[in-house]
Amino acid sequence: MDATVIMEDAIPFYRPSGNECVLFETAFRQGLPVMLKGPTGCGKTRFVSHMAARLGLSLNTVACHDDLTAADLTGRFLLKGGETQWVDGPLTHSVRQGGICYLDEVVEARKDVTVVLHPLTDDRRLLPLERTGELLEAPDNFMMVISYNPGYQNILKSLKPSTRQRFIGIDFDYPAAEQEVQIICKETGLDRMRCVPLVNLARSIRNLKDLDLEEGASTRLLVYCATLMMAGISPLEAAQATLIEPLSDEESAKEGLLEVVRATF
Ligand code: ADP
């Protein structure tokens, strides 16, 4: 096997929908931060891992939650063997070492997180560490990437314009039908003949407006469904476990989904 083949294998599979790879690479080369918007399970995280590997960058991913503070990202003094020692958080680590720092679902984090993001995401590219008195300048190979799901947004949880307007935005959605079929085949090994109805089923579920689902069936759930089918679970059972239960707790909605599933299998 020659070296290029080995390199290709090391890059996580990502099937592009448009020019997002070129846009991302250009943003990286120009030192611009990127914001990925889109529903859950539509490929944002996979895209970042793919691009990190393609660009030869390390990737530090932080899954943001409502208790995540600026100090969790920058670092803190910890007691070690009777002494207090500064320990870098993931953001500081990335700024020192270079690479991509990816804050997944950033709107979940506490508001003070935006304070550390601002000087890093404009042309200063600086990370001030108040506690240690350091002012870190991000190296050329540092890139800030955030993601969020506009579908979940409410007034209390959204990014302020002053934060949003520091990022290049790339809009993600579920892949087009043919691309999604290719993704499911490649990810799970399920044959095309069985992937096509699965993707059509997901598309019907995404178009159901009257069941009041918070979000449609994601590509991730289709991968799960195909994985169960590959492991010998019947299509109906697999669809119930992956395309009905994770989407709703309400009996009437689940019945509506079951009808659509039964029409396919
Ligand atoms: P998100 O970060 O948007 O919630 P992920 O990136 O984790 O979603 O995607 C979930 C799964 O869906 C991935 O693990 C992968 O199996 C599959 N997937 C979705 N979109 C793509 C794509 N364009 N190319 C390859 N795999 C994809």
Inset, instruction - Mind checking which of 217, 207, 149 is farthest towards the positive end of region 133-219's charge dipole, using Cβ charges of +1 (Lys, Arg) and -1 (Asp, Glu) about the Cα centre? - result: 207
Inset, instruction - Provide, in order from the shortest bin, the percent of all Cα-Cα pairs of the chain in each 10 Å bin, continuing until the bin that contains the maximum pair distance. - result: 6, 26, 28, 22, 13, 4, 0
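With N set to the residue count of region 82-166, report its C-alpha Rg divided by 2.2 N^0.38 Å to two decimal places.
Values: Rg = 14.0 Å, N = 85, 2.2 N^0.38 = 11.9 Å.
Normalised Cα radius of gyration, region 82-166: 1.18.
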Inset, instruction - Taking the dipole about the Cα centre of the chain, with the C-beta of Lys and Arg at +1 and of Asp and Glu at -1, give me whichever of 74, 246, 185 is farthest to the positive side. - result: 74
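Calculated from DSSP H runs of 4 or more alone, at -39500 (n - 2.57) each and per residue, what is the 222 nm mean residue ellipticity of the chain, nearest 500? Kindly include the intermediate steps, with their values, before the conclusion.
Values: 12 runs with 114 residues, N = 265.
Value at 222 nm, helices only: -12500 deg cm²/dmol.
Pick out, in residue order, every one of the chymotrypsin sites (Phe, Trp or Tyr not before Pro) in region 1-100 that is DSSP loop and has at most 15 other C-beta atoms within 10 Å; say none if there are none.
13
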Inset, instruction - Just need the relative contact order of the chain here, percent rounded to a whole number, with Cα pairs under 8 Å and 6+ apart. - result: 20 percent
Legend entry - Kirkwood Rh in Å, taken over region 1-149 so that all alpha-carbon pairs contribute: 16.4 Å
Inset, instruction - Note the angle between two axes, namely the Cα long axis of helix 20-29 and the longest principal axis of the Cα atoms of the chain, as a number of degrees from 0 to 90, rounded to the nearest 10. - result: 10 degrees
Legend entry - Over 27 Å between alpha carbons, listed pairs 111/209; 44/111; 160/186: 111/209; 160/186
Legend entry - Packing-based exposure ordering (other Cβ within 10 Å, fewest first) of 162, 17: 162, 17
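How big is the charge dipole of region 98-250 about its Cα centre, in debye rounded to the nearest 20, if each Lys and Arg gets +1 on its Cβ and each Asp and Glu gets -1 on its Cβ? Let's see the in-between values first.
Working: 16 positive and 24 negative charges, 54 e Å.
Rounded to the nearest 20 debye, it is 260 debye.
Restrict the search to region 54-137; then list the GluC sites (Glu not before Pro) that DSSP places in a loop and that have at most 14 other Cβ atoms within 10 Å of their Cβ.
Numbers: sites: 83, 105, 108, 130, 134, 137; in loops: 105, 130.
Within region 54-137, the qualifying GluC sites (Glu not before Pro) (loop, at most 14 other Cβ atoms within 10 Å) are 130.
Here, each number is a calculation from the coordinates, and none is a lab measurement. This one's a predicted model, so the numbers in the text were calculated from it and none came from an experiment. All Cβ positions, glycine included, derive from the backbone under ideal geometry; neighbour counts span all protein chains shown.
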